[in-house]
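Novice: I have a structure I would like to understand better, so I am pasting it below and will then ask my questions one at a time.
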Amino acid sequence: MEYKNILFTVEDGVATLTFNRPKALNAMNSETMAELQSAVTHCKNDEGIKVLILTGAGEKAFVAGADIAQMQEMKPHQALAFMEMGQETLRLLETMPKPSIAAVNGYALGGGTEISLACDIRFASEKAVFGQPEILIGIIPGWGGTQRLPRIVGMGRAKELIMGGEQIDARRAYEIGLVNRIYPADQLLAETRKFALKLTGLPGFALKMAKHSTNFGYDLALDNATRLEAECCAQCFSTDDQKEGMDAFLKKRKPLFTGR
Ligand code: CAA
C-alpha cells in the first residue's frame, strides 16, 4: 500500500511509523486509519521487523484525535463503522506479536491517547499532553478509551479524564501510570530508538510469549490466566534462545540470541 498520511521506515529491525498530517495536528481520518492498519499488518508479517515505534510529525502533536471535520456529518451507522475500524486496527496493534512503543511527542488527545493505549509501552516528551476530550464535543471515546484507560490508570482516574474532558501534561500522565518514561523533547525519539534497539537483541519468541500471556491472561480468571502463563513459558523451552540464555548465564558469558 502506498502511504499518504503516514511515514514508514525500517532500520536495524526497528520500524518507525510517523503520523504525518501536521497541518491537522495529525488527526486521524479513515484514510490514515487504513494506512495504520496496513502498516501494522506489515510489521506483524515481516520477520525483519522486531519492534514498532509510533510517533507524530511536526512540533506540536502525536495525534490530536479522530478527525472532527470528517466525523461532523456522520450518521450513527457511519460513526459505528468509523469506530469499529479504529477498534479493529488498535486491537491488531495491541495483539501484534512484537513490541510497540508510542513516542508521544505532543498532543495525544482522544484517538491519540487511544492509539498510545494500544501500544505496549508509552514514552513521552516533556511537551506531551494527554486527554479524552470527546465529552466536550458531545461524544465519548470510540477507539477503546473507556476500556483500556481504566485498565492502565484505574477506574477513578479514567472516569475523571473521560467525564471531565481535561487535558493532562506529561508529568501528571507519569504520576498516574499512563506514561512509562518522560524525556526532553529533543531526546524522545533517540531514547525511544535506543530502548527499541535493546529489545531487538532480546529473544523474539520469549517477547512474543510475554506479550501473549499478558494480553490474553489479563481478562481471564486467575487460575486460567496462570495456566496460560505456564504454557507460554513452557513453549519458550522449545527455542535455541532458551538454551543459549541459560547456558550463557551458567557459564558467566554474554548470550548471543539468534531469534530461533
Ligand atoms: N480533527 C480535525 N482537525 C483538527 C483536530 C481534530 N481532532 N485537532 C486539530 N485540528 C486542526 C484544527 O482544526 C486546525 O485546523 P485549521 O488550521 O485548518 O484551523 C489545526 O488542526 C490546528 O489546530 P488548532 O488551531 O486548534 O491548534 P491549537 O494549538 O490552538 O490547539 C489542540 C491544539 C488543543 C490540540 C486543539 O486543536 C484541539 O483541541 N483539538 C481537538 C482535540 C479533540 O477534541 N480530540 C478528540 C477528537 S474525538 C475522538 O478522538 C473520538 C474517538 O475516540 C475516536
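Novice: With axes computed from alpha carbons, what is the tilt in degrees of helix 240-250 against the longest principal axis of the chain, rounded to the nearest 10 within 0 to 90?
Specialist: Between helix and principal axis, roughly 60 degrees.
Novice: How would you rank C236, C119, C43, going from fewest to most other Cβ atoms within 10 Å of each one's own Cβ?
Specialist: Fewest to most other Cβ atoms nearby, the residues stand as C236, C119, C43.
Novice: How high is the relative contact order of the range 204-250, in percent, with contacts defined as C-alpha pairs under 8 Å that are six or more residues apart?
Specialist: In percent, rounded to a whole number, it is 35.
Novice: In whole Hz, with x marking every Gly and Pro, tabulate ³J(HN,Hα) for the range 215-221 from phi via Karplus 6.51 cos²θ - 1.76 cosθ + 1.60, θ = phi - 60°.
Specialist: Once rounded to whole Hz, the list reads 5, 8, x, 4, 9, 8, 5.
Novice: Please state the charge dipole magnitude for the chain, taken about the Cα centre, from unit charges on C-beta atoms (+1 on K and R, -1 on D and E), reported in debye and rounded to the nearest 20.
Specialist: It works out to roughly 700 debye.
Novice: Would you list which lysines come within 30 Å of K23, measuring only between C-alpha atoms, while excluding same-chain residues fewer than 8 positions from it?
Specialist: Hits, sequence-local ones excluded: K4, K44, K60, K75, K127, K194.
Novice: Ok, one more. Compute, for the range 204-250, the length of the dipole vector about the Cα centre, with Cβ point charges of +1 (Lys, Arg) and -1 (Asp, Glu) only. Units Debye, rounded to 20.
Specialist: 100 debye
Novice: Same structure, new question: Relative contact order for the chain: what percent, with Cα pairs under 8 Å and sequence separation of 6 or more?
Specialist: Relative contact order, the chain: 16 percent.
Novice: If you take every residue apart from D186 with its C-beta less than 12 Å away from the C-beta of D186, what net charge results, scoring Lys and Arg +1 and Asp and Glu -1?
Specialist: -2
The numbers here are math on the coordinates, done by the rules we state, and not lab data. As the structure is a prediction and not an experimental result, all values here were calculated from the model. Methodologically, a virtual Cβ is constructed for each residue, glycine included, from the backbone with ideal geometry; neighbour enumeration extends over all protein chains shown.
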